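Since the structure comes first, as structure tokens, the remarks are kept for the end.
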Amino acid sequence: MRIVSIGGGPAGLYLGILVKLAAPKHQVTVFERNKPDDTFGFGVVFSDATLGHLEAADPGTHAEITRQFARWDDIEIHVRGETLRSTGHGFCGIERRTLLRILQARARELGVEVVYEKDVKLADVQAMRPDVIVAADGVASGVRDALASSIKPNVDVRPNKFVWLGSTVPYRAFTFIFKETPHGLFRVHAYKYVEGGSTFIVECRAETWRAAGLDRADEDQTIATLSQIFEPELAGHKLIKNRSIWRSFPTVRCGTWHHDNIVLVGDAAHTAHFSIGSGTKLAMEDAIALRDALLAEPDVETALATYEMRRRPEVLALQAAAQASLEWFEGTERYMNLPPAQFAYSLMTRSLRVSHASVVRRDPPLARAVEKLLAGGAEPAPPPMFNPIVVGGLSLANRLALAPWTLGGAEGGVVGDAHLVFLGGRATGGVGLVMTETVAAGQGAPAGTPMITSDDQVVAWKRVVEFVHDRSAAKIGVQLGAWDGDAAALADAAQRAAFAGFDLCQIQTGTGGLAGAGAEAIVAAVRAVRASWPADRPLSVRLVAGARPADDAVALAARLRDAGVSLVWIAAVGEAVGADGGGRLPAAPLADRIRNEIGIATAIEGAVASSADVDAVIAAARCDLVALDRALVYDPGFAHRAAEAIGYAVP
Ligand SMILES: Cc1cc2nc3c(=O)[nH]c(=O)nc-3n(C[C@H](O)[C@H](O)[C@H](O)COP(=O)(O)OP(=O)(O)OC[C@H]3O[C@@H](n4cnc5c(N)ncnc54)[C@H](O)[C@@H]3O)c2cc1C
């Protein structure tokens, strides 16, 4: 087999190495437009887990890489004049140039033909008629552009600006610096990759970048400005340039990664924000999967399809984590008022893949500090989800809620024993709040939908509400939907719901007449309901994540707050859950933005499965309540069980 790779970065070189190692008879040629030592940037980071994969794939390369590593366990955070240190994170850093040298030498040793200073076009390579063409040509892939109509790339250029610098500060830990200046907030991601050399990536919002005059700065002026800003942090050390141009991070996603005998690997196919340090890992793991598929499958077409099928879910999951992480750094300004320990916790759990249990294991002092904060200083502090909270004057015993769950079967709109058992069972199961399914405020709902338009319907609801109040510590909220879109019907229904004794009223914008409605209609409905729902009881609105651009949702939330809403409930349901390939806690990023930018309580609903996830989002101040659907439907005693598992007695 003859394989030609366009690009001699980590992906192209490592693929060549692995193929030659497993099948020395195959011919591999790598074209690289740069000289061997000509590279941008300074260091790259790997986690311990990545190293395990590399060891299994080629012990030779792995041994060389680990010999050259700088290792560290700690993360240090500089914020608001405080320095916080978190332990228990295994990382390694290596100079990009060193990594490439190792790969180049190994490739040469195994007989990979690497042609440097050769800028090739796809057509040139096609003319050579190889069996497989590997597009390993990096983030600005020319092959991807040439095949755009079949590969269907989507390049999402993010708003923040960043520059990749070096410094001589001998960082002892992976270091984050958050520096407030009159121009705005700067973030630094810094780590040592070699004795006497550290990576120093500076990131900020575009407006901060412009205000500091960095939009007009060349490399030397960038160094001069940043040296001044970080003078105390650099403590006499220097910043070093290496093609240090200000850039915006492009998140690359592609509809498919192969076409005919051409296959995309590494940054050409997908990127993951540098704040989770995984680009090189992904590139090298792609090479492993492609090698496996090329050697195992009977023909190239099947091999490329197999490669993509195997890699895509892993890459999408990592990209979802990277997306959550880059959004954290894009919006760090909103966390600057959190107490330092909670700020650190939020940073550590930013990818939404780190549970509270994992923070407890890795860094017990940080976990305890945040638990104590949430408990208002009380010790021993309960686990995050078991802290009480007051929402719009309503006291809830803990942060767990039952999400609206459609039971239906309400004959004539009148709820009966099924609703009593279902809602009553979850309330006695220990959650702080149970929500009803959508209750129709007027006509036009599907048959079986519970209603609250007549006296007999109100009386039936009163029985459920009284059971919850008499037999549990839980509060009960009604979710109202108007299928005919009538704000007056909602206001009427709210009045009846107040009479039935509901503690909280929620307006549903996901189904019924307000589904797809604009901000005006939603605000009008809120005003009408607020006027008829008792002033001392909280009003909530349920918004569907992804129903409108995030910026619009945040602006809407501000209007809802001003109109008297106390709780914005973000539901990630249906498409929103699967859209980014299975990101964890899909409602959390929007709830986080709304809570921390607007200053209003938020709840999340959708794809929450474990109590460890609940604890992490509460502890990180991403939301105030977490609503469970399936987890509570299958297990009414979820709250008691979660408490029992950690030896905590629910009061
Ligand atoms: C600021 C920043 C920090 C980062 N930090 C980390 C980190 O800590 N850890 C980590 O794992 N990753 C990190 N990355 C990502 C990492 O650099 C990339 O993900 C990784 O290099 C991808 O490898 P690749 O082989 O796919 O592409 P590249 O390394 O970009 O290699 C592509 C190669 O193709 C060559 N090429 C392109 N076109 C042609 C052509 N027409 N002909 C011949 N040659 C061509 C290029 O010269 C280049 O050498 C970071 C990225 C940035 C921007």
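The values are calculated or read from the model by the stated rules, or taken from the named source; none is laboratory data. Keep in mind that this is a model prediction, so the values were computed, not measured. Heads up, the Cβs are rebuilt from the backbone with ideal geometry, glycines too, and the neighbour counts pull from every protein chain shown. Note: accessible area is taken over every heavy atom of the protein model, side chains too, but ligands, DNA and RNA are not part of it. Shrake-Rupley method; radii C 1.70, N 1.55, O 1.52, S 1.80 Å.
Quick notes on this one:
- Accessible carbon and sulfur surface of the chain relative to its total accessible area, %, 1.4 Å: 52 percent
- Of all lysines in the structure, those lying under 19 Å Cα to Cα from LYS179, and not within fewer than 8 positions of it along the same chain, are LYS161, LYS238.
- Tensor-based shape of the chain (alpha-carbon gyration tensor, a/c under 1.5 rounded, otherwise prolate or oblate): prolate
- Pairs from the list LYS152/LYS192; LYS152/LYS281; LYS118/LYS281 with a Cα-Cα gap above 31 Å: LYS152/LYS192.
- The loop-placed trypsin sites (Lys or Arg not before Pro) in the range 211-247, going by DSSP, that have at most 14 neighbouring Cβ atoms within 10 Å of their Cβ come out as LYS238, ARG243.
- Cα-based helix-to-principal-axis angle, 364-374 vs the chain, degrees rounded to 10: 30 degrees
- For the range 45-57, Karplus couplings with θ = phi - 60° (6.51, -1.76, 1.60), whole Hz, Gly/Pro x: 10, 10, 8, 4, 5, 4, 4, x, 5, 5, 5, 5, 6
- Solvent exposure of the range 532-641 as accessible area per residue, Å², 1.4 Å probe: 33 Å²
- Euclidean distance between Cα centres, the range 1-78 to the range 209-224, Å: 33 Å
- Derived scalar couplings between HN and Hα for the range 175-189 equal 10, 10, 10, 10, 10, 8, 10, x, 7, x, 8, 9, 10, 10, 10 Hz in order, rounded to whole Hz, by the Karplus curve 6.51 cos²θ - 1.76 cosθ + 1.60 (θ = phi - 60°), x for Gly and Pro.
- What the phi angles of the range 557-564 give under the Karplus curve with 6.51, -1.76 and 1.60, with θ = phi - 60°, is a coupling list of 4, 5, 5, 5, 4, 5, 8, x Hz, glycine and proline written as x.
- Length-normalised contact order of the range 408-466 in % [C-alpha pairs under 8 Å, at least 6 apart]: 47 percent
- Once the 1.4 Å probe is applied to the protein heavy atoms, the range 275-400 comes out at 35 Å² accessible per residue.
- Normalising the average separation of contacting C-alpha pairs (under 8 angstrom, six or more residues apart) by the number of residues puts the relative contact order of the chain at 11 percent.
- Between the range 518-542 and the range 416-444, the Cα center-to-center distance that results, in Å: 21 Å
- Amide H within-cut-off set for SER5, under 5 Å, with H built and near neighbours excluded: THR29, VAL30, PHE31, VAL134
- Part-to-part distance (alpha-carbon centres) for the range 248-263 and the range 392-410, which is given in Å: 43 Å
- Annotation: amide H of ILE240 within the under-5 Å range of GLY166, SER167, sequence separation 5 or more or interchain, hydrogens built in the peptide plane.
- Cα-based shape type of the range 85-195, given that a ≥ b ≥ c are square roots of the gyration tensor eigenvalues and the cut on a/c is 1.5: oblate
- Between ASP145 and GLU411, the modelled labels are 6.9 nm apart [label points 7 Å from Cα along Cα→Cβ].
- Among the protein heavy atoms, those of VAL544 account for about 30 Å² of accessible surface (1.4 Å probe, every chain in place).
- Rolling a 1.4 Å probe across the protein heavy atoms gives the range 184-268 an accessible surface of 42 Å² per residue.
- Compared with the dominant principal axis of the Cα atoms in the chain, helix 279-296 is inclined by about 80°.
- Rounded to 10°, Cα long-axis angle of helix 219-229 versus longest principal axis of the chain: 50 degrees
- MRE, 222 nm, helices only [DSSP H, n ≥ 4, -39500 (n - 2.57), over the chain, to nearest 500]: -12000 deg cm²/dmol
- For the range 288-442, a/c is not less than 1.5, where a ≥ b ≥ c are the root eigenvalues of the C-alpha gyration tensor, and a/b does not top b/c. That puts it in the oblate class.
- Net charge dipole size for the chain [Lys, Arg +1 and Asp, Glu -1 on Cβ; Debye, nearest 20]: 900 debye
- Peptides 15-28, 395-408 ranked from most to least packed, by the mean per-residue count of other Cβ atoms within 10 Å: 395-408, 15-28.
- Radius 9 Å from Cβ of TRP246, net charge of other residues (Lys, Arg +1; Asp, Glu -1): +1
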